[in-house]
Amino acid sequence: MDDLTTRGVLAAAAVARSHGVRVDDPVVLRDASNLLVHLRPAPVVARVATSTASGRPLVLDHFHRAESATRYLTARGVPVVRMSPEFPDGPFAHDGLVMSFAEHVPHDPTWVPTDFAARLAELHTELRSYPGPLPNRLPMTDISHAIRLWTRSPAQLAAFTAERDALVAAWPALESQPLHGDAHPGNLLLSANGPVWNDFEDT
């Protein structure tokens, strides 16, 4: 593991133990934009904002929205990966890293849903009445942060900013509603109780 991954695993285990959760053998499930760690033997998965935090200065807000949307959908009986009952409402921060804790859901990683679009439409129907605050044009916000962080010259900055402004100007003035925001088959898991939605960070 690289240094950031190791920090993430140690931070997640430290926060879990501080809430009385036994962690003997943490296992990395996925190490990409976020780090996912099964805090074995506890039935808990930590989601730690590792590399994603470099492009999202307000990553804490994303994690707040994810928890809020997940708890809202859970209360409505929508099949989602639920937040862990071992923890109070989060998210949490430790060693400069933001994280949240969900229930561990064993699932079939080879399953590909054949009715994905229909299930997504049902999810969006449930999200329509979500009462919490949500950002408008979230992809544009991510693009704005990326332009500021990663452009290497004034010419690049000017070109990318002009393209961003053109996209914003062309954004359709239509009635809007909450969306999952990162809806792909990998975020619909086949559990023993059927498919469940996961990862509402981009709602």
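The values are calculated or read from the model by the stated rules, or taken from the named source; none is laboratory data. The model shown is predicted, which means the values in this text are computed figures rather than measured ones. For neighbour counting, all protein chains shown are included, and Cβ atoms are generated from backbone atoms with ideal geometry for every residue, glycine included. Surface accessibility is based on the protein's heavy atoms, side chains included, excluding ligands, DNA and RNA. Shrake-Rupley method; radii C 1.70, N 1.55, O 1.52, S 1.80 Å.
Find the accessible area per residue for region 77-203; the probe is 1.4 Å, ligands and nucleic acids are left out, and the unit is Å². Before the final figure, lay out each step's value.
Numbers: 7620 Å² over 127 residues.
Dividing the accessible area of region 77-203 by its residue count gives 60 Å².
Quick check on region 100-203: what are the equivalent-ellipsoid semi-axes from the Cα gyration tensor, as sqrt(5λ), descending, whole Å?
On the way: eigenvalues 219, 65, 33 Å².
Largest first, region 100-203 gives 33, 18, 13 Å.
Quantify how much of the Cα-Cα distance distribution of region 87-141 extends past 13 Å, in percent.
Values: 1180 of 1485 pairs.
For region 87-141, the fraction of Cα-Cα distances above 13 Å is 79 percent.
Once you charge only the Cβ atoms, +1 for Lys and Arg and -1 for Asp and Glu, what is the size of the charge dipole of region 1-91 about its Cα centre, to the nearest 20 debye? If you can, show how the numbers build up before the last one.
Working: 11 positive and 9 negative charges, 60 e Å.
Dipole about the Cα centre, nearest 20: 280 debye.
Taking amide H positions as placed 1.01 Å from N in the peptide plane, with prolines and chain starts having none, which residues 5 or more places from H104, or on another chain, fall under 5 Å of its amide H?
Those lying under 5 Å, H to H, from H104 are V44, V45.
Ignoring any ligand, DNA or RNA, what whole percent of the accessible area of the chain comes from carbon and sulfur when the probe is 1.4 angstrom?
The value for the chain is 56 percent carbon and sulfur by accessible area.
Can you compute the label reach from S54? Point 7 Å from Cα along the Cβ direction, backbone N cut-off under 15 Å, restricted to region 150-189.
150-152
Rounded to the nearest Å, what's the spacing between the alpha carbon centres of region 156-203 and region 44-93? Just the number, please.
Taking the Cα centre of each part, region 156-203 and region 44-93 sit 16 Å apart.
Give the peptides 190-202, 33-45, 103-115 in descending order of average Cβ contacts within 10 Å, highest first.
Working: 190-202: 17.5, 33-45: 20.3, 103-115: 12.2.
Ranking the peptides 190-202, 33-45, 103-115 by packing returns 33-45, 190-202, 103-115.
Treating each Cα of the chain as an identical point scatterer and ignoring solvent, apply the Debye formula and state log10 I(q)/I(0) at q = 0.13 Å⁻¹.
So the normalised log intensities are -0.79.
How much of the DSSP bridge set in the chain is antiparallel, in percent, rounded to the nearest 5? Before the final figure, lay out the partial values.
Details: 25 of 26 bridges.
Close to 95 percent.
Taking only Cα atoms of region 24-117, what ratio of Rg to Rh do you get with Rh as the Kirkwood inverse-distance radius? Before the final figure, lay out the partial values.
Values: Rg = 14.0 Å, Rh = 14.4 Å.
Taking Rg over the Kirkwood Rh, I get 0.97.
For region 143-203, what are Rg and Dmax over the alpha carbons, in angstrom?
Answer for region 143-203, Rg first and Dmax second: 17.6, 53 Å.
Normalised by the residues of region 74-191, what does the relative contact order come to in percent, with Cα pairs under 8 Å and at least six apart?
Across region 74-191, relative contact order equals 33 percent.
Peptides 75-85, 123-133: what's the order by average Cβ count within 10 Å, highest mean first? Can you show the working numbers first?
Details: 75-85: 16.0, 123-133: 13.6.
Peptide ranking by packing, descending: 75-85, 123-133.
Pop a pseudo-label 7 angstrom from the Cα along the beta-carbon direction at both Q177 and H107 and give the gap in nm to one decimal.
Roughly 2.3 nm, to one decimal.
Find how much the distance from E126 to A155 grows on full extension, using 0.36 nm per residue of separation minus their present alpha carbon separation; answer in nm with one decimal.
The E126-A155 span can extend by a further 6.0 nm.
Compute the FRET efficiency between T141 and D3 as 1/(1 + (r/R0)^6), taking r as their Cβ-Cβ distance and R0 = 25 Å, and round to the nearest 0.05. Intermediate results must be reported in sequence, preceding the final value.
Working: r = 28 Å, r/R0 = 1.13.
After rounding, the FRET efficiency stands at 0.30.
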